[in-house]
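Below is one structure, written out as structure tokens, with a few remarks after it.
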Amino acid sequence: MKKITKILVANRGEIALRIMRSAKEMGIKTVAVFSEADRQALHVQYADEAICIGAPPSNQSYLKGDLIIETALKLGADAIHPGYGFLSENAEFAKKVKEAGLIFIGPSPESIVVMGNKLAAKEAAQKYNIPLVPGTAGAITDIEEAKQKASEIGYPVLIKASAGGGGKGMRIVEDNDEFESQMQRAVSEAQSSFGDGAVFVEKYIGSPKHIEIQVVGDTFGNVVYLFERECSVQRRHQKVIEEAPSAVVSPDMRKAMGECAVMVAKSCNYFGAGTVEFIVDEKLDFYFLEMNTRLQVEHPVTEQITGIDLVKEQIKVAQGEKLSFTQEDLKIEGHAIEVRVYAEDPKNNFLPDIGTLTTYQRPQGIGIRVDDGFAEGMTIPIYYDPMIAKLIAFGKDREEAIARMRRAIAEYKIIGVETTLPFCDFVLQHEVFLSGNFDTKFVEKYFSPEKLNPTEIETERMIVATLIGKLLSENTSQITQPVDTSVQPKKSGWKNRSR
Ligand code: MV4
């Protein structure tokens with residue numbers, strides 16, 4: 001067993017910082033790699049050493065696996081943590097890290113390969129009698145056979161790409177007549193996006209909930225589940241709000257899903273932190289969808305309710321330690337919610353709104369955690385994901401967590417870019433969200449931009465603008481008339497932007 005002494009973090013932004021914090025607590029040195037766009041970034045400042053690896057576009061920096069491995073060797077790092085995104089689910093990279101004599105902080109390349117292929121994942125899960133959505137056992141090769149199968153399953157069906165994920169290469173088919181054309185579209189999309197045209201058919205679950213289970217395994221074959229995260233509030237396959245535990249999952253259902261998730265992990269000899277995704281129908285029947293072989297964006301809600309530092313566990317497992325807890329040691333305490341704060345304009349179809357954070361004041365106080373990678377005055381680069389921060393609220397129960405989150409959203413002051421904070425607040429006060437019983441259609445069904453109230457700051461600005469307007473346009477004899485402050489519009493010129 002070789003203790004890790006220095007970790008190269010092959011990532012940027014909040015997750016790079018998140019990883020370095022746990023490393024620091026463990027007395028492990030850190031190396032940051034960064035692109036030319038991230039010279040001033042917080043992960044660069046925080047690391048013990050930092051090295052520029054290339055131009056801003058990801059394929060010239062954060063995706064350059066060979067260069068990153070070379071850098072780790074040169075600086076004497078003994079392990080690489082890939083974070084999420086970028087190289088995190090690249091089996092080839094994981095293998096090369098290992099071959100270079102370094103530790104990959106994540107599962108084996110073999111686990112990544114199996115779970116990266118949806119058909120292989122379903123096949124592995126099937127051997128353990130995990131519930132799967134009814135569908136074809138393998139890739140479609142014969143169109144008539146596939147149509148026959150679709151009729152047996154019953155329309156609507158869903159055609160999915162085996163190499164896909166996040167909704168890419170998915171096609172809903174309503175009836176027999178459109179099967180062939182939809183299938184051709186799915187195959188060509190899969191081929192062009194993933195270089196693998198293999199597709200399969202599943203029964204289409206109309207309004208599913210998306211509930212996932214966090215698992216952690218060690219290299220001795222021990223695997224435990226760290227309960228569920230409810231991730232149904234999403235927009236175009238982009239998660240918006242995540243929480244743990246789920247309001248609809250009973251203790252029995254939790255145990256059943258947890259044990260299924262552990263078996264899925266065991267089916268591919270999994271070690272490290274991973275997430276097993278399920279869809280759940282109206283009857284609360286659950287079906288295994290896929291496994292994500294990385295640390296996920298929303299992992300903090302699990303950390304908050306279990307008290308487990310998932311990054312620390314990843315590092316311990318990677319250096320060959322046994323899990324220090326059993327399933328019986330784990331229990332849920334309280335309730336945690338995470339909202340993702342994106343530099344996107346929810347009033348304008350969530351258009352990315354990159355720019356400089358002229359004002360950036362984080363919320364504080366009891367039950368609040370902010371995982372971010374920015375500070376006031378920094379510019380959000382155009383090259384990467386526009387997520388500014390993850391805001392996490394924790395309370396003794398769901399109600400308290402929601403109240404804390406709404407208070408924190410009100411405290412969060414971001415000027416310079418539009419953010420998804422007002423949209424998150426809209427969700428948090430919605431009766432359907434408050435009921436706890438919502439599905440992946442929530443945003444589609446209930447959100448429209450008019451639902452957003454102007455923020456306090458915007459309201460103030462509008463009142464001032466209206467007053468000034470009145471004063472300028474009216475002659476002095478009319479000034480004694482009451483001023484109408486009941487303004488709705490938000491004309492673009494009123495926004496304080498520094499771009
Ligand atoms: C489904 C489904 C309905 N029926 N499979 C979307 C991304 C990929 N992980 C699988 N996805 C879905 N698979 C069947 N048989 C609906 C979705 C889906 C979805 C799943 C999880 C979270 C959000 C979603 C949004 C739209 C569709």
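The values are calculated or read from the model by the stated rules, or taken from the named source; none is laboratory data. Bear in mind the structure is a predicted one, so any value in this text is a computation, not a measurement. Note that we place each Cβ from the backbone using ideal geometry, even for glycine, and neighbour counts take in every protein chain shown. Side chains included, ligands, DNA and RNA excluded: accessible areas come from the protein's heavy atoms. Shrake-Rupley method; radii C 1.70, N 1.55, O 1.52, S 1.80 Å.
Note on LYS470: aspartates and glutamates with a C-alpha under 15 Å away, same-chain residues under 8 apart excluded, are ASP484. Backbone phi angles across region 312-317, fed through the Karplus curve with coefficients 6.51, -1.76 and 1.60 (θ = phi - 60°), yield HN-Hα couplings of 4, 5, 4, 5, 4, 4 Hz in residue order; Gly and Pro are listed as x.
Once you charge only the Cβ atoms, +1 for Lys and Arg and -1 for Asp and Glu, what is the size of the charge dipole of the chain about its Cα centre, to the nearest 20 debye? Provide the component values of the computation, followed by the final result.
On the way: 59 positive and 70 negative charges, 247 e Å.
The calculation lands at about 1180 debye.
Which loop-located GluC sites (Glu not before Pro) does region 277-313 contain, where loop means any DSSP state but H, G, I, E or B and the Cβ has at most 13 other Cβ atoms within 10 Å? Counting only loop positions with at most 13 other Cβ atoms within 10 Å, the GluC sites (Glu not before Pro) in region 277-313 are GLU282. Here's the picture: charge each Lys and Arg Cβ at +1 and each Asp and Glu Cβ at -1 in the chain, and of SER267, SER88, ALA50 the one pushed furthest to the positive end of that dipole is ALA50.
Using a/c under 1.5 as the rounded threshold, could you call region 324-363 rounded, prolate or oblate? The axes a ≥ b ≥ c are square roots of the C-alpha gyration tensor eigenvalues, and prolate needs a/b larger than b/c, oblate otherwise.
On the way: a/c = 3.72, a/b = 2.70, b/c = 1.38.
Prolate.
Among the GluC sites (Glu not before Pro) in region 381-476, which ones are in a DSSP loop with at most 13 other Cβ atoms within 10 Å of the Cβ? Mind listing them?
Numbers: sites: GLU399, GLU400, GLU411, GLU418, GLU431, GLU444, GLU450, GLU456, GLU458, GLU460, GLU474; in loops: GLU418, GLU474.
When the GluC sites (Glu not before Pro) of region 381-476 are filtered for loop state and at most 13 Cβ neighbours within 10 Å, GLU474 remain.
As a length-normalised measure over Cα pairs under 8 Å and 6 or more apart, the relative contact order of region 6-105 settles at 30 percent.
Legend: distances between Cα atoms for LYS2/LYS316; LYS255/LYS441; LYS160/LYS203; LYS118/LYS390; LYS24/LYS413; LYS266/LYS322; pairs beyond 18 Å are LYS255/LYS441; LYS118/LYS390; LYS24/LYS413.
Residues with beta-carbon under 9 Å from that of GLU189, excluding GLU189: net charge, scoring Lys, Arg +1 and Asp, Glu -1? Mind showing how you got there, number by number?
Values: positive: LYS168, ARG171, ARG185; negative: none.
Net local charge, GLU189 excluded: +3.
Computed from backbone phi with θ = phi - 60° and the Karplus coefficients 6.51, -1.76 and 1.60, the 3J(HN,Hα) list for region 379-396 is 9, 7, x, 7, 7, 10, 3, x, 6, 7, 6, 10, 9, 10, 10, 10, x, 6 Hz; x is used for glycine and proline. Only one residue of ALA256, LEU472, HIS210 has its Cα farthest out toward the positive end of the dipole of the chain, where Lys and Arg carry +1 and Asp and Glu -1 on Cβ, and that residue is LEU472. Highest-first packing order for the peptide set 113-120, 465-472 is 113-120, 465-472, based on the mean count of other beta carbon atoms within 10 Å.
Send over a whole-number figure in Å² for the accessible area per residue of region 209-450, probe 1.4 Å. Could you put the intermediate results ahead of the total?
Working: 8760 Å² over 242 residues.
Per residue, region 209-450 has 36 Å² of solvent-accessible surface.
Heavy-atom accessible area for HIS210, with the other protein chains in place and a 1.4 Å probe, reaches approximately 30 Å². Here the contact order of region 209-450, divided by its residue count and restricted to Cα pairs under 8 Å and six or more residues apart, works out to 21 percent. Just the protein heavy atoms count here, and of the accessible area of the chain at 1.4 Å, carbon and sulfur take up 50 percent. Rounding to the nearest 10 and keeping the result within 0 to 90°, find how far the Cα-based axis of helix 398-411 lies from the longest principal axis of the chain. Approximately 50 degrees, to the nearest ten. Legend: residues ARG254, ARG406, sorted from most to least accessible area (1.4 Å probe; ligands, DNA and RNA excluded), read ARG406, ARG254.
If R0 is taken as 30 Å, the Cβ-Cβ distance between ARG406 and ASP281 corresponds to a FRET efficiency of 0.50. Relative contact order of the chain: 13 percent, from C-alpha pairs under 8 Å at least 6 residues apart in sequence.
Can you give me the angle between helix 65-74 and the longest principal axis of the chain, using Cα atoms only, in degrees from 0 to 90, rounded to the nearest 10? Helix 65-74 sits roughly 90 degrees off the main axis of the chain.
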